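Structure first, commentary second.
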Amino acid sequence: MDIVSLLDATLRISAPLILVGMAGLLSYQVGLINIALEGMMLSGAFAAVVFGYELGSTWLGVLMAIVVGAALGALFALAVITLRANLIVAGLALNFLATGGTAYLMDILYNQSGTLAPEGLRKLPAVTIPLLEDIPVLGEMLSGHSPLVYVSWVMVPLTSIFLYRMVVGGHIRAVGEHPEAAQTAGISVQGMQYLALILGGMLCGLAGAHLSVGDLPLFRERMTNDRGFIALAAVYFAAARPRLTAVACLLFGFFEALQFRLQLRDTALPNEFLQMLPYLMVVIALVVISVRKEWRKGW
Amino acid sequence: MKHTIHKLLAACLAVALIATGSALVPSAQAQDDYSVALIIAQGGLGDRSYNDSAFAGLTLAAAELDVNVVPIESSDPVGEAEQLLRTAAESGFDLVITLEFSHIEPLGRIAPDYPDTLFAIVNAIVEQPNVVSIMFDEHTGSYLAGALSALVTTAPDLDQVNPEAVIGAIGGVASSGIDVFLYGYLQGACDINPDIQVLLAYANDFGDPTKGREMALAMYEQNADVVFQVAGGTGAGVIEAAKDENFFAIGVDSDQDYLAPGNVLTSMLKRVDVAVYDTIERAASGELEGGTVLQYGLEEDGVGLTEMTYTRHIIPSEFVDQVDELRTQIEDGELEVIDIRVLEAEQFAIVSENPTCAGLEELRAALAE
């Protein structure tokens, strides 16, 4: 098995998960369970294709995916914060709206169902990094990815800096940990929650755009395929710490890439087990991490 | 006041429910013409695949034959199965064709209630005296695709292929409906080159093109240069990978050659349009009896490969001749392709646990006994 291409695939598969993971941890940090990540991501994927095609520029499509993600984040915030709708119900509603809405719009706008691959839409150009690409193994692995893969890497430290080094990030965490205390300290609880959900929506839009115009130039109904929930699981297991969340996403990506390759070999393991492997390994790895941490603290 | 609003809302809801329930099925026109209803399956019209293909056959029948046709669409053809079938039968259609595979159970149940209506179901067999079952020989069409792949993968002077005799196939899920394609493909490939390596994998998804792309790339890394996709929407990613890395993909069901000209070697066609038209023609002329199973294979043009508009001129012409020869042999009954759907579970296990040319030989030996 070619290790370089395995790791190469790992990076591609985990990129959208990392982006959504950062979105999920922002809402976690502000004390909200965001199950609407999936729907925001799907809407972003759709927006990237539609606007990328209509405006004649895939990059404008990506920009519009971010805008649509932000709008849905704001809508979700309006429902759950201002109008006090139940978080889970509102999240489910948004997911249904995204699934049905994208299929419906595809039908009325383009008279298509299933797949939307408009003629002339191009995917984002792959980025080759000068100098790095000439280094044998590392270059092959790190260079030549779709641009949003690199964006996903940058987002991890940025989220970390935002949450732990900036005042507004501190406010967000304060709201999540103790809303009443934060309010007494003069922090706008609702303001921080809006901010976290809107920023999360933007990240989801970006993740969706990566799926639809990053490596492929097409939208498919329900193409996010529960990636939002996988990322959410990563956030929970990592207790919303940015780096650990990213590690969980990378782990998932690694085992997904690995199971594709193991299916092609003569292993004694049944395919069903191999397909379960990524999910299983993430759970195991995070349990180990958490146990080790507790161990150090002393039980 | 609040109470009134609630009542009003409830009334609106009730009206909406009744309206959606009843407005679905237009009744058959009261004419002497033979009337046909076609129940559209999940995915709906506009899927550029299965449903659209059947609808094309229906439209052609309306144009060429003396029949009235009505397509029946539903937002939930699975959940509303019984209601759809009953309403269609009670509306007086002479022939009710359902494209929905999951209607196998409800159709078997309700068909005896409408002895004067002829039903037809695609892809499934329902044993009732007034039901015609329409089946396809996906295995023979896939056999030809496998044979062509095995020839092409070692062809010299083709940019899309490497010298290694490795090809692949990606299925949506592990089920007999998908495996009939994959194991037909395996048989075709092994008969051309017994030393060929055929990589088989399942995406476990019909709607995840990103996954399809990754899986195809993983196969390409293992030197597979022709990858057959039997995975619905996931397959779009397989074709995309072939385009990106310049190898060959093979399409399925409808002609997908145009999706990446020069990188889709061919498509394994399943001509639902031919079957629907033919069924209507035979039923309208009174030739078709209920209880029969119509088998659409190579001979009936029910399955087969495309014209290969974009690839015919780049591959050696003797390959095309050789595949045509195999086609004739299958049609003449000289060459038998195993349909895994008719195997016993333990027989299929011989090859599914060892999905290689060697496993296939074992299966053939076991069947010969």
Dipole of the protein assembly as shown, Cα-centred, from +1 at each Lys and Arg C-beta and -1 at each Asp and Glu C-beta, to the nearest 20 debye?
5300
222 nm mean residue ellipticity, helices alone, for chain A (DSSP H n ≥ 4; -39,500 (n - 2.57); rounded to 500)
-24000 deg cm²/dmol
In nm, to one decimal, how far is the modelled label at residue A:289 from the one at residue B:62, with both set 7 Å along Cα→Cβ?
5.8
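Using the 2.2 N^0.38 Å rule of thumb for compact globular proteins, work out how chain A stacks up: its C-alpha Rg over that value, please. The partial results should precede the final answer.
Numbers: Rg = 19.7 Å, N = 299, 2.2 N^0.38 = 19.2 Å.
The value comes to 1.02.
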Convex hull of Cα atoms in the protein assembly as shown, direction-averaged projection (nm²)
36.8
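Going by how many other Cβ atoms sit within 10 Å of their own, how do A:204, A:249, B:357 line up, fewest first?
Numbers: A:204 37, A:249 31, B:357 19.
Starting with the residue having the fewest Cβ neighbours, the order is B:357, A:249, A:204.
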Return the calculated 222 nm mean residue ellipticity for chain B, to the nearest 500 deg cm²/dmol, obtained by summing -39500 (n - 2.57) across DSSP H runs with n ≥ 4 and dividing by the residue count.
-13500 deg cm²/dmol
When the distances between all Cα atoms of the stretch A:96-201 are binned every 10 Å from zero, what whole-number percent does each bin get?
12, 22, 20, 25, 18, 2
Debye log10 I(q)/I(0) at q = 0.15, 0.17, 0.20 Å⁻¹ for the stretch A:147-299, Cα point scatterers:
-0.98, -1.17, -1.36
Would you mind listing how long chain B runs along its three principal axes, going by Cα atoms, in whole Å with the largest first?
75, 56, 42
Just order A:280-293, B:139-152, B:287-300, B:114-127 by mean Cβ neighbour count inside 10 Å, highest at the front, would you?
B:139-152, B:114-127, B:287-300, A:280-293
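What order do you get for A:190-197, B:338-345 when each peptide is scored by the mean count of other beta carbon atoms within 10 Å, highest first?
Values: A:190-197: 20.9, B:338-345: 15.0.
Taking the mean over residues of other Cβ atoms within 10 Å, the ranking is A:190-197, B:338-345.
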Spatially proximal aspartates and glutamates relative to residue A:123 (Cα-Cα < 12 Å; intrachain offsets below 8 disregarded)
A:215, B:240, B:244
Per residue of A:209-221, count partner chain C-beta atoms within 10 Å of its C-beta, then hand back the mean as an integer.
4
Spelling it out for residue B:72: with amide H atoms placed in the peptide plane at 1.01 Å from N, the residues 5 or more places away or on another chain with amide H under 5 Å from its amide H are B:38, B:39, B:40
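Rg/Rh for the stretch A:255-298: what does it come to with C-alpha atoms and Rh from Kirkwood? Before the final figure, lay out the partial values.
On the way: Rg = 14.3 Å, Rh = 11.8 Å.
Reported Rg/Rh (Cα atoms, Kirkwood Rh): 1.21.
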For the stretch A:145-160, take each phi angle, set θ = phi - 60°, evaluate the Karplus expression 6.51 cos²θ - 1.76 cosθ + 1.60, and give the result in whole Hz per residue in order, putting x for glycine and proline.
8, 5, x, 6, 5, 5, 4, 5, 5, 5, 5, 5, x, 4, 5, 4
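Could you work out the mean count of beta carbons from other protein chains within 10 Å of each residue's beta carbon in A:270-277? Before the final figure, lay out each step's value.
Working: counts 2, 8, 3, 0, 3, 6, 1, 0.
Rounded to a whole number, the mean comes out at 3.
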Going by amide H atoms built from the backbone, whose H comes under 5 Å of the H on residue B:294, apart from near neighbours?
B:133, B:134, B:135
How large is ³J(HN,Hα), in whole Hz, for each residue of the stretch A:179-186 in order, when computed from phi with the Karplus curve 6.51 cos²θ - 1.76 cosθ + 1.60 and θ = phi - 60°, using x for Gly and Pro?
x, 5, 4, 4, 5, 4, 6, x
Tabulate in residue order the Karplus-calculated ³J(HN,Hα) for the stretch A:22-39, using 6.51 cos²θ - 1.76 cosθ + 1.60 with θ = phi - 60°, rounded to whole Hz; enter x for Gly and Pro.
4, 5, x, 6, 4, 6, 4, 5, 9, x, 10, 8, 9, 8, 8, 3, 4, x
For residue B:228, what residues show an amide H to amide H distance below 5 Å, using hydrogens built from the backbone and excluding near sequence neighbours?
B:168, B:169, B:170, B:250
Taking Rh as the Kirkwood radius, which is the inverse of the mean 1/r over Cα pairs, what is the Rg/Rh value for the stretch B:283-369?
1.08
For the stretch B:164-242, just the Cα atoms, rotate onto the principal axes and tell me the three extents in Å, largest first.
33, 28, 13
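None of the figures in this text is laboratory data; all of them are computed from the coordinates on show. Treat the numbers as computed from the prediction; the structure is a model and nothing was measured. Positions of Cβ are generated from backbone atoms using ideal geometry, with glycine treated the same way; all protein chains shown enter the neighbour counts.
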